[in-house]
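Colleague: Have a look at the structure that comes next, please.
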Amino acid sequence: MAGAAPTTAFGQVVIGPPGSGKTTYCLGMSEFLRALGRRVAVVNLDPANEGLPYECAVDVGELVGLADVMDALRLGPNGGLLYCMEYLEANMDWLHAKLNPLRDHYFLFDCPGQVELCTHHGALRSIFSQMVQWDLRLTAVHLVDSHYCTDPAKFISVLCTSLATMLHVELPHVNLLSKMDLIEHYGKLAFNLDYYTEVLDLSYLLDHLTSDPFFRHYRQLNEKLVQLIEDYSLVSFIPLNIQVLGTRRPLPPGFPRAWDLITSRDKESIQRVLQAVDKANGYCFGVHEQRSLEAMMSAAVGADFHFSSTLGIQEKYLTPSDQSVEQEAMQL
């Protein structure tokens, strides 16, 4: 009798620039998934990631180490990391052997933070493509720092990077604005939070840019970039904040779980992210968790309204403006 066919597995590949909160996201999301009763396996694909705060099921450091590559080949951090990813791409049988016994788990892949890996370098995309052929249904979760919203030029740059990542990675995609508690540490938002999460009419940002003498000379370039983003109309964001222990070490025995240290409002934002991810990779239609017909139909037709959730996050983390709508309009 032939052996049973391997079961379909689900997971998330967590990508984003360095320092955007990928490792903290993996810690908080893994705790949330375990609270839901899912069996979780966190896989570290970043050879430069040391002192992991979560329990790591598979660590690419067992295959190749960034420090060893830099010493042996005399490469810098970026070049060494690219080599490590190419080495993993050439040794996918090692990763397959590590993941195969964990097929009954939900996977979280903590990926390297070099932007070029997700925008034009082919190694990481090839790794994702190979895992999809192993019947792993993956969703790319792309994190960017929320404080970029306070600078129109940086926000347009983030939109371009997010769009390039979506087109290059070729996976179902969810974009997140991370570290919402720090969103106004570098300046005030020009518009309400939903303007940035839903990526509404970007012509208003162009008006802000032209008020700067430096960017006034590049108005035509900015107009073309905005037109490109709006023509694709793919990029949107979900606000997220996970405040757990500020440590890179695993929690000591007897210490409260990281999930118990997350506030209720932050748990709501994590739940909203998980709903979007489950809809993207099809987990919500599976049999692993009992789902009502109403919830399945809601996911199928996209009948989920997030305005109230975004408004709640705005009330928590953004300082209310003392100006009236008319005064703000006059400034614009």
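The values are calculated or read from the model by the stated rules, or taken from the named source; none is laboratory data. Remember, it's a predicted structure, so these values are computed and weren't measured experimentally. So basically every Cβ, Gly included, is an ideal-geometry build from the backbone, and we count neighbours across all protein chains shown. Note: areas computed on protein heavy atoms with side chains; ligands, DNA, RNA excluded. Shrake-Rupley method; radii C 1.70, N 1.55, O 1.52, S 1.80 Å.
Condition check ((1) more than 21 Å from VAL132 (Cα to Cα); (2) of a type in the set (A, V, I, L, M)) across all residues:
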{"residue": "GLU31", "(1), (2)": "yes, no"}
{"residue": "ALA35", "(1), (2)": "yes, yes"}
{"residue": "ASN44", "(1), (2)": "no, no"}
{"residue": "GLY51", "(1), (2)": "yes, no"}
{"residue": "GLU55", "(1), (2)": "yes, no"}
{"residue": "LEU73", "(1), (2)": "yes, yes"}
{"residue": "GLY79", "(1), (2)": "yes, no"}
{"residue": "LEU82", "(1), (2)": "yes, yes"}
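Colleague: Further question on the same structure: Tell me, which residue of the stretch 41-76 that is without any contact (Cβ under 8 Å) to a residue 24 or more places away in the chain, not charged (D, E, K, R) and not in a helix (DSSP H, G or I) is surrounded by the fewest Cβ atoms within 10 Å (Cβ to Cβ)? Spell out the reasoning first.
Modeller: In the first step, residues of the stretch 41-76 are kept if they are without any contact (Cβ under 8 Å) to a residue 24 or more places away in the chain; the result is 56, 59, 61-62, 65-76.
Next, only the ones that are not charged (D, E, K, R) stay: 56, 61, 65-67, 69-70, 72-73, 75-76.
Still in the running and not in a helix (DSSP H, G or I): 56, 65, 75-76.
Details: CYS56: 18, GLY65: 17, LEU75: 16, GLY76: 9.
Out of the qualifying residues, it is GLY76.
Colleague: Which one is nearest to the chain's Cα centre (by Cα), of the residues in the stretch 145-177 that are surrounded by 24 or more Cβ atoms within 10 Å (Cβ to Cβ) and farther than 19 Å from PHE128 by Cβ?
Modeller: The selected residue is LEU177.
Colleague: Does any residue of the stretch 241-254 turn out to be surrounded by 12 or more Cβ atoms within 10 Å (Cβ to Cβ) and modelled with pLDDT of 90 or more?
Modeller: No; the residues of the stretch 241-254 include none that is surrounded by 12 or more Cβ atoms within 10 Å (Cβ to Cβ) and modelled with pLDDT of 90 or more.
Colleague: Take the residues of the stretch 100-119 that are in contact with a helix residue (DSSP H, G or I) (Cβ under 8 Å, 6 or more places away or on another chain) and part of a helix (DSSP H, G or I): which is farthest from VAL158 (Cα to Cα)?
Modeller: Initial filter on the stretch 100-119 (in contact with a helix residue (DSSP H, G or I) (Cβ under 8 Å, 6 or more places away or on another chain)): 106-108, 110-119.
Filter again for part of a helix (DSSP H, G or I), leaving 116-119.
Numbers: GLU116: 14, LEU117: 16, CYS118: 13, THR119: 12 Å.
Taking the candidates together, the pick is LEU117.
Colleague: Another question, if that's okay. Kindly establish whether GLY122 is without any contact (Cβ under 8 Å) to a residue 60 or more places away in the chain, out of contact with any helix residue (DSSP H, G or I) (no Cβ under 8 Å at 6 or more places or on another chain) and either open to solvent by 10 Å² or more (accessible area, probe 1.4 Å) or over 30 Å from ILE270 (Cα atoms) (or both).
Modeller: Numbers: without any contact (Cβ under 8 Å) to a residue 60 or more places away in the chain: yes; out of contact with any helix residue (DSSP H, G or I) (no Cβ under 8 Å at 6 or more places or on another chain): yes; either open to solvent by 10 Å² or more (accessible area, probe 1.4 Å) or over 30 Å from ILE270 (Cα atoms) (or both): yes.
So GLY122 passes the test.
Colleague: Within the stretch 144-252, considering only helices (runs of 4 or more DSSP H) that don't extend past its boundaries, which have at least 1 residues that are under 18 Å from PRO18 (Cα atoms) and either out of contact with any strand residue (DSSP E or B) (no Cβ under 7 Å at 6 or more places or on another chain) or in contact (Cβ under 8 Å) with a residue 12 or more places away in the chain (or both)? Before the answer, list the steps.
Modeller: Working: elements: 152-169, 193-197, 203-210, 213-216, 219-232.
Those helices (runs of 4 or more DSSP H) span 152-169.
Colleague: What are the pairs, 6+ residues apart or on separate chains, where a residue within the stretch 21-37 that is surrounded by fewer than 21 Cβ atoms within 10 Å (Cβ to Cβ) has its Cβ under 7 Å from a residue that is in a helix (DSSP H, G or I) and of a type in the set (Ser, Thr, Tyr)?
Modeller: none
Colleague: Can you tell me how many residues within the stretch 261-283 are closer than 15 Å to GLY28 by Cα, in a helix (DSSP H, G or I) and either at pLDDT below 70 or acidic (Asp, Glu) (or both)?
Modeller: Qualifying residue count, the stretch 261-283: 5.
Colleague: When THR7 is evaluated against the numbered criteria (1) open to solvent by less than 10 Å² (accessible area, probe 1.4 Å); (2) of a type in the set (S, T, N, Q); (3) modelled with pLDDT under 90, which criterion, by number, is the only one it fails?
Modeller: For THR7, the exception is condition (1).
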